[in-house]
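The values are calculated or read from the model by the stated rules, or taken from the named source; none is laboratory data. This is a predicted model, so every value here is computed, not measured. Here the Cβ positions follow ideal geometry from the backbone for every residue, glycine too, while neighbour counts run over all protein chains shown.
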Amino acid sequence: MNLEFKTYQLKEGTKNYKQLIENIKLQNEFVIIGEEIVKDYADCYKVLYAPDDMNLVSALTLEEQSLRIPKNELELKKDDFPGIETQEMDIPKEYLTLDIVEEIQRLNT
């Protein structure tokens, strides 16, 4: 199923930026698939690492593959033109439920 996502990036200098971008050298592109309050941590977005060649693990749900990143550590990624960067992803239906699709659409409109 084709879904459109806003592309987010980690803010420079944050804990997760240092761990994921500087240390592991990941591309700084993520998409939001949900929200969760992580007890004793933060109000977080559930995000998927979203480089151009993103692969999903067939044995895991989207939520199981997602990272929990505090909302205040993410910012919209800007494109070369005025506006925000978006990307369309074709996610196989076996990874999706109606609740997940509705949550993705709510967070990305």
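For the reader, a short list of remarks on this structure follows.
- Of the strands (runs of 3 or more DSSP E) lying entirely inside segment 64-109, not one carries at least 3 residues that are over 14 Å from the mean Cα position of the chain (by Cα) and modelled with pLDDT of 90 or more.
- For segment 24-63, the tally of residues that are assigned to a strand (DSSP E or B) and farther than 14 Å from Tyr8 by Cβ stands at 5.
- Filtered residue count, segment 69-91, keeping only those that are of a type outside the set (Ser, Thr, Tyr), farther than 25 Å from Tyr41 by Cβ and either surrounded by 12 or more Cβ atoms within 10 Å (Cβ to Cβ) or free of Cβ contacts under 8 Å to residues at least 40 places away in the same chain (or both): 11
- Of the residues making up segment 47-68, just one is surrounded by 13 or more Cβ atoms within 10 Å (Cβ to Cβ), charged (D, E, K, R) and over 21 Å from Lys93 (Cβ atoms), namely Arg68.
- Within segment 65-88, the set of residues being closer than 16 Å to Pro51 by Cα and in contact with an Asp or Glu (Cβ under 8 Å, 6 or more places away or on another chain) comprises Leu76, Lys77, Lys78, Asp79, Glu85, Thr86, Gln87, Glu88.
- In segment 1-21, residue nearest to the chain's Cα centre (by Cα) [restricted to those that are closer than 17 Å to Asn72 by Cβ and of a type in the set (S, T, N, Q)]: Gln9
- Selection over segment 28-42 of residues that are out of contact with any helix residue (DSSP H, G or I) (no Cβ under 8 Å at 6 or more places or on another chain) and either surrounded by fewer than 15 Cβ atoms within 10 Å (Cβ to Cβ) or among the basic types (Lys, Arg) (or both) gives a count of 6.
- Where Ile21 falls short, out of the listed (1) in a helix (DSSP H, G or I); (2) under 20 Å from Val101 (Cα atoms): (2)
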